[in-house]
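Inspection log for the structure reproduced underneath, given as C-alpha cells.
Only the coordinates and a few stated rules stand behind these numbers; no lab work does. Just so it is clear, the structure is predicted and the values come from calculations on it, not from any experiment.
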Amino acid sequence: DAGVIQSPRHEVTEMGQEVTLRCKPISGHDYLFWYRQTMMRGLELLIYFNNNVPIDDSGMPEDRFSAKMPNASFSTLKIQPSEPRDSAVYFCASSLSEKGYTFGSGTRLTVV
Amino acid sequence: QKEVEQDPGPLSVPEGAIVSLNCTYSNSAFQYFMWYRQYSRKGPELLMYTYSSGNKEDGRFTAQVDKSSKYISLFIRDSQPSDSATYLCAPRGGAQKLVFGQGTRLTINP
C-alpha cells in the first residue's frame, strides 16, 4: 500500500489567494482527519470524516477554511482567502475504525 | 488547561541511556493511549498503542498508563541515535478523535 498520499508537498502562495490541499487515504480506511501543525500550537485537529461524512469540524479556524470528501478515496482542504497566519504543515491521516491513524507526509504551506 | 500536557523539551541523552517521556491528561474518558514518533519533515508514525491502564512492551519500548493519576509514560531502553525524533502522546476516548500532546524533541548523542 502506498500509504496516505498528500499533494502538493510544498505550497507558497500570496495572501488572499485560494489554496487547495489534497489527500488520498489508504484504501479501505473509513476515517479521514485533517490536522495542522505549528511550532506554537503543535498538532491541531481541524476536521474529521467517517465514511465520507463530516463528523466534527469544531477545529476549523474560521469560515475561510472548508473541507470536502466527495468519495472514499479523496479529500480536499481549501483556504480562501489565505492569510500569513495560515502558514503551517497540514497533515491528512486515515484510520480503520479502532486502529491508530496513518499520517501522510504533509503539505508545507507558506503564505506571503 | 490543555487536555494533554507534555514537556516539549528538548531532551538530549547519550547513546545507550534509558529515556523516559511523559504526559499528563485531564479527561477521565480517555481509554486508548498512543505514542507517535515524528522524524524531521515527516508525518507522525504510530509507535505504541495501549488500552486502559497497565504496561505494554515492544522491543526496546515500554508504554505505561496510570489512569488513576492520569499519567502516560514511554520508556526507551538502550537508546540509539536513530531514536532521535519528536515523540507525541495521543490519548482518546470512545470517539475516534485523538488529542495530541505538544511533543517532546529527543536527541540521542553517539
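Taking the Cα atoms of the protein assembly as shown, the ratio Rg/Rh between the radius of gyration and the Kirkwood radius comes to 0.97. As a length-normalised measure over Cα pairs under 8 Å and 6 or more apart, the relative contact order of segment A:54-108 settles at 22 percent.
Working note: Karplus 6.51/-1.76/1.60 with θ = phi - 60° gives segment B:95-104 the couplings 6, 6, 6, 7, 10, 8, x, 5, x, 10 Hz, where Gly and Pro are set to x. Across segment A:38-43, coupling constants 3J(HN,Hα) worked out from phi with the 6.51/-1.76/1.60 Karplus curve, θ = phi - 60°, read 10, 4, 6, 10, x, 8 Hz, and Gly and Pro carry x.
Eigen-decomposition of the gyration tensor built on the alpha-carbon atoms of segment A:1-91 gives equivalent ellipsoid semi-axes of 21, 14, 13 angstrom, largest listed first. Note on chain B: along the principal axes its Cα atoms extend 41, 27, 22 Å, ordered by decreasing extent.
When DSSP beta bridges are restricted to pairs lying wholly in chain B, around 90% turn out antiparallel.
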